[in-house]
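Inspection log for the structure reproduced underneath, given as structure tokens.
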Amino acid sequence: MVGRPASFAGLALDRPRLMGVVNVTPDSFHDGGRHFDPERAIAHGRALARAGADLLDIGGESTRPGAQPVSAEDERARVLPIIRALKPLGVPLSIDSRRPLVMEAALAAGAMLVNDVTALADPLARRLVAESGAFAILMHMQGEPATMQAKPTYGDVVAEVRDFLAARLAQCAADGIARERLAIDPGIGFGKTLDHNLALIAHLDRLADLGVPVVLGVSRKSFIAHLMGGDPPTAARLPGSLAAALAGLERGASILRVHDVAETAQAVAMWRAIGRA
Ligand code: HH2
């Protein structure tokens, strides 16, 4: 058991931090199309910051199951105006991308954090993060978004995700990225069944033991619908999202990646107050 990290991306981790999601896409699984218009994306980012977001994660490509990739040029054109407009807020900005070209442009425009669902698989991405001094989130995914939910298979999902993230942390260190600049994420819903997702949240402490901050993204995801044995639309998945988020905090998550910042902030405030009482 190692001590918990004190800070990440300039934020003290003495309390849970909320990363608000700004999807500048037509097809994201929950809010696709809602903030595709740049003015709407910018207004949404500002609203999330007012609601208490500690970080804003800006994405220009959906990675939902079955999503088709977009070109790096299109992705860059979607996110850059949003990053430039939100920069003056003073809230740390994250670029949610797996493409070095997009990451590089986003960092130049004012982002300080790379959130990569491929955990910096591309050596160019690792070099970029090392040379720029940016922060990065390494997320686990089995397969590719287009096919990852076809047949997710693990022996021991918690051990395999932990081993993957430990190996990628070591690779990043070998490539010159300071450990203090890295966080890890189990990648809920990325090549995982309901049982895989539940096991990863239940045993998140085993990831936290790696000694870097743990990011958890459960917000509105389909495992909540699967638990209920049907398909409640994403609009009806807030209660399950909040319950899973608090369970993650109990087990060592430091940052929650959420669509609903105000609602999550209230749930976290109550959870903390009870913990202190
Ligand atoms: N989930 C999504 C995207 N990026 N990054 C991290 N670190 N962790 C996650 O759990 C995670 C992520 C999927 O959510 P969203 O961005 O809302 O949907 P889409 O990929 O359809 O745009």
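Could you give the nm distance between label points at residue 27 and residue 68, where each point is 7 Å from its Cα heading toward the beta carbon?
Each label point lies 7 Å from its Cα, and together they span 0.5 nm.
What do you reckon, how do 87, 221, 192, 151 stack up by accessible area (1.4 Å probe), largest on top?
So, going from the largest accessible area down, we get 151, 87, 221, 192.
Evaluate the charge dipole of the chain about its Cα centre and quote only its size in Debye, nearest 20, assuming +1 on the Cβ of each Lys and Arg and -1 on the Cβ of each Asp and Glu.
Taking the Cα centre of the chain as origin, the dipole is about 540 debye.
Within the accessible area of the stretch 49-106, what % is carbon and sulfur when the probe is 1.4 Å and the other protein chains stay in place?
Taking all protein chains in place, the stretch 49-106 shows 50 percent carbon and sulfur surface.
When the chain is treated as a GNM, springs tying every alpha-carbon pair under 10 Å, which of 248, 143, 20 comes out with the largest mean-square fluctuation?
Answer for the Gaussian network model of the chain: 143.
Using a 1.4 angstrom probe on the protein heavy atoms only, line up 70, 218 by accessible area, largest first.
70, 218
Taking the alpha-carbon set of the chain, what are its Rg and Dmax in Å?
17.1, 52
Can you list which of the trypsin sites (Lys or Arg not before Pro) found in the stretch 39-126 are DSSP loop residues with at most 13 other C-beta atoms within 10 Å?
Listed in order of number, the matching sites amount to none.
Just to confirm a number: summing +1 for Lys and Arg and -1 for Asp and Glu over residues other than residue 14 whose beta-carbon lies under 13 angstrom from that of residue 14, what do you get?
+4
How many percent of Cα pairs in the stretch 123-277 exceed 23 Å?
41 percent
Tell me which lysines have Cα within less than 19 Å of residue 151's Cα, excluding those fewer than 8 residues away on the same chain?
Once the sequence-local lysines are set aside, what remains near residue 151 is 192, 221.
When only C-alpha pairs under 8 Å and at least 6 residues apart count, what is the relative contact order of the chain, in percent?
19 percent
For the chain, what is the accessible area per residue in Å² when the probe is 1.4 Å?
On a per-residue basis, the chain sits at 42 Å².
Could you give the spread of the C-alpha atoms of the stretch 85-143 along their three principal axes, from largest to smallest, in whole angstroms?
Extents along the principal axes: 36, 21, 16 Å.
The values are calculated or read from the model by the stated rules, or taken from the named source; none is laboratory data. If you're wondering where the values come from, they're calculated on a predicted model, not measured in any experiment. Using ideal geometry, Cβ is built from the backbone for each residue, glycine included, and neighbour counts are taken over all protein chains shown. Ligands, DNA and RNA are excluded from the accessible area calculation, which covers all protein heavy atoms including side chains. Shrake-Rupley method; radii C 1.70, N 1.55, O 1.52, S 1.80 Å.
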